[in-house]
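In what follows, a single structure is set out as structure tokens and then discussed.
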Amino acid sequence: MSANLNTLITEMSREANSTGPLDDRRVAVKDNICTADVPTTCASNMLETYVPPYDATVVRHVLDAGGTLIGKANMDEFGMGSTTETSAFGPTRNPVDPSRVPGGSSGGSAAAVASGAADLALGSDTGGSVRNPAAFCGVVGIKPTYGLVSRYGLVAYANSLEQIGPIGATVADAAMLLDVISGPDRHDATSVAAGANTAYAEAANGNVEGMTVGVPDDLLEGASPGVAAVFADAMAKLEAAGATVTDIAIEGLEHAVAAYYVIAMSEASSNLARFDGVRYGMGSPESGDWNEQYAAVRSAGFGTEVTRRILLGTFALSAGYQDRYYRQAQSARAWLGREFDDAFASVDLIASPTMPTTAYELGTSLDDPLQLYIADANTVPANLANLPAISVPGGDDGGLPVGIQFMAPQFEEGRMIRAASAVEAATS
């Protein structure tokens, strides 16, 4: 394991035959992204022996650009978690402080970059799973607009919410990887051409002159004093660089976490039904009818957090409750999207702390899953509204990194990359 941090759960070396912008760059791949002839386990016992026969589209893009794949990065099981502690193969440790979590669910990807084991990494972001670990590990993570990056070869958790995103040590590095992996894909009907020809790396120029940045009070309420202080300092530096920072209100943010988890868990319940020991998943030692075998496989293969989310999602979709929960959550999602549209009519970007606190100590958070869900309050709105978002280091609180998040209108990744690079330049 890389640097004894349990960062890479499968090591490999796959070098491209071609040359390109990723020449001599080592890239780690989150273990829910398919790699041909290399295990893709989703950090779950259920898929411990699964070896895909094909590469995900983003993996092909990395190889075509000259990148070298160095390994599969640890993660929360099936992307369900925010600490990388739900992995069936053990937790990853934060390179900044190994007594703390790296965040999740793409914690292995962020830790690989932060520790120097990789130059770049691919993660996936369903409700903050790229931005959360980027903030906790002091690196840069980008959640693209839904559809900008192909999801072909990504093991599905919640189809309507998740996107593959890049992680890098700097804004320019992460933006360069976004240049490589973005664009339409005939294998993914949700991918689109809009914005795909933008040179994102060129946008990392720090030019925020004349830019207006809105700060919603709702996204500051849960921040610890140390995180709030770092965020305020970053906004002051942004103003010194030529931007205008203003307070704004976005109705519906208080309902975002509840709506997100109803939708995400419902989609997970549907998506993970395929892991039955016949089509996918570990075989069943049980004899008897199919229902008994199905129950045995899933009980043995799934961990506690995955089981919890499947059960809650199944309940939300069950007869008599779908209108009360799932459809209400979808209505809240549409409402929040309209509120963001209204906000972007008056501001160019929306800023907040990425996470309300710094990285948790290992072993302290899993006993209270509700608090972990609430901690996603600042990151899930971008997924619900299909917006791009970025986390960039803004400083530290007691020696632990604090991430600053920018959200932009759909397919305006370049705009938020400019602001993030300005914060990076002012705080480096």
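Ser13 meets all of the listed conditions (1) of a type in the set (Gly, Ala, Ser); (2) farther than 14 Å from Leu122 by Cβ; (3) in contact with a Gly (Cβ under 7 Å, 6 or more places away or on another chain); (4) outside any loop (DSSP other than H, G, I, E, B) but one, namely (3). Being under 16 Å from the mean Cα position of the chain (by Cα), of a type in the set (Val, Ile, Thr) and either part of a helix (DSSP H, G or I) or crowded, with 22+ Cβ neighbours inside 10 Å (or both) is true of Thr84.
Could you check, for segment 274-287, whether at least one of its residues is over 30 Å from Glu413 (Cβ atoms), touching a residue at least 12 places away in the same chain (Cβ under 8 Å) and in a helix (DSSP H, G or I)? First the steps, then the outcome.
Going through segment 274-287, the residues over 30 Å from Glu413 (Cβ atoms) turn out to be 274-287.
Retained after the next criterion (residues that are touching a residue at least 12 places away in the same chain (Cβ under 8 Å)): 275-277, 280-284.
Applying the additional criterion that residues be in a helix (DSSP H, G or I) yields none.
No: segment 274-287 contains no residue that is over 30 Å from Glu413 (Cβ atoms), touching a residue at least 12 places away in the same chain (Cβ under 8 Å) and in a helix (DSSP H, G or I).
Residue check: is Asp376 buried (at least 19 other Cβ atoms within 10 Å of the Cβ), within 19 Å of Leu220 (Cβ to Cβ) and acidic (Asp, Glu)? Criteria met by Asp376. Checked against (1) aliphatic (A, V, I, L, M); (2) more than 15 Å from Glu254 (Cα to Cα); (3) at pLDDT below 95, Ala375 passes all but a single condition, namely (2).
Can you spot a residue in segment 111-119 that is within 24 Å of Ile374 (Cα to Cα) and out of contact with any helix residue (DSSP H, G or I) (no Cβ under 7 Å at 6 or more places or on another chain)? So that I can check it myself, show each step before the final result.
From segment 111-119, those within 24 Å of Ile374 (Cα to Cα) are 111; that's our starting set.
Now restrict to residues that are out of contact with any helix residue (DSSP H, G or I) (no Cβ under 7 Å at 6 or more places or on another chain): none.
Within segment 111-119, not a single residue is within 24 Å of Ile374 (Cα to Cα) and out of contact with any helix residue (DSSP H, G or I) (no Cβ under 7 Å at 6 or more places or on another chain).
Looking at Ala249, Ala343, Ala351, can you tell me which residue is aliphatic (A, V, I, L, M), over 24 Å from the mean Cα position of the chain (by Cα) and within 30 Å of Met407 (Cα to Cα)?
Details: Ala343 fails: over 24 Å from the mean Cα position of the chain (by Cα); Ala351 fails: over 24 Å from the mean Cα position of the chain (by Cα).
So the residue among Ala249, Ala343, Ala351 that is aliphatic (A, V, I, L, M), over 24 Å from the mean Cα position of the chain (by Cα) and within 30 Å of Met407 (Cα to Cα) is Ala249.
Only one entry of Ala65, Ala56 meets the criterion of being crowded, with 23+ Cβ neighbours inside 10 Å and not polar (S, T, N, Q), and that entry is Ala56.
A single entry from Asn207, Asn271, Asn291 fulfils the requirement of being of a type outside the set (Val, Ile, Thr), under 30 Å from Ser44 (Cβ atoms) and surrounded by fewer than 17 Cβ atoms within 10 Å (Cβ to Cβ): Asn291. Selection of segment 298-328 for residues being among the hydroxyl-bearing types (Ser, Thr, Tyr), touching a residue at least 12 places away in the same chain (Cβ under 8 Å) and more than 30 Å from Gly90 (Cβ to Cβ) yields Tyr325, Tyr326.
Filtered by the rule that a residue be among the small types (Gly, Ala, Ser) and either at pLDDT below 95 or buried (at least 24 other Cβ atoms within 10 Å of the Cβ) (or both), segment 169-188 gives Ala174, Ala175, Ser182, Gly183. Against the conditions (1) within 22 Å of Pro353 (Cα to Cα); (2) among the polar types (S, T, N, Q); (3) touching a Lys or Arg at 6+ places or on another chain (Cβ under 9 Å); (4) in a loop (DSSP other than H, G, I, E, B), where does Thr145 fall short? Just the number, please. So Thr145 meets the others, but not (3). Within segment 12-37, the residues that satisfy the criterion of being more than 20 Å from Ala175 (Cβ to Cβ), touching a Leu at 6+ places or on another chain (Cβ under 8 Å) and modelled with pLDDT of 95 or more are Asn32, Cys34, Thr35.
The residues of segment 119-132 that are under 8 Å from the mean Cα position of the chain (by Cα) and either at negative phi or of a type in the set (A, V, I, L, M) (or both), listed by number, are Gly123, Ser124, Asp125, Thr126, Gly127, Ser129, Val130, Arg131, Asn132. Consider segment 359-418 and keep the residues that are outside any loop (DSSP other than H, G, I, E, B) and hydroxyl-bearing (Ser, Thr, Tyr). The one that is farthest from Ala345 (Cα to Cα) is Tyr373. Yes or no: segment 306-317 includes at least one residue that is surrounded by 13 or more Cβ atoms within 10 Å (Cβ to Cβ) and in contact with an Asp or Glu (Cβ under 9 Å, 6 or more places away or on another chain). Checked against the condition, which is being surrounded by 13 or more Cβ atoms within 10 Å (Cβ to Cβ) and in contact with an Asp or Glu (Cβ under 9 Å, 6 or more places away or on another chain), segment 306-317 yields at least one hit.
Of all the residues in segment 339-359, those that are buried (at least 23 other Cβ atoms within 10 Å of the Cβ), more than 17 Å from Thr212 (Cα to Cα) and out of contact with any helix residue (DSSP H, G or I) (no Cβ under 6 Å at 6 or more places or on another chain) number 1. Does Thr246 satisfy the condition of being under 25 Å from Met46 (Cα atoms), of a type in the set (S, T, N, Q) and either in contact (Cβ under 8 Å) with a residue 12 or more places away in the chain or touching a helix residue (DSSP H, G or I) at 6+ places or on another chain (Cβ under 7 Å) (or both)? So Thr246 does not fit the description; no. Among the conditions (1) modelled with pLDDT under 95; (2) within 16 Å of Leu220 (Cβ to Cβ), Gly363 misses just one, which is (2).
The values are calculated or read from the model by the stated rules, or taken from the named source; none is laboratory data. Given the structure is predicted, the values throughout are model-derived calculations rather than measurements. Counting neighbours? That spans all protein chains shown, and the Cβs are built from the backbone with ideal geometry, glycine included.
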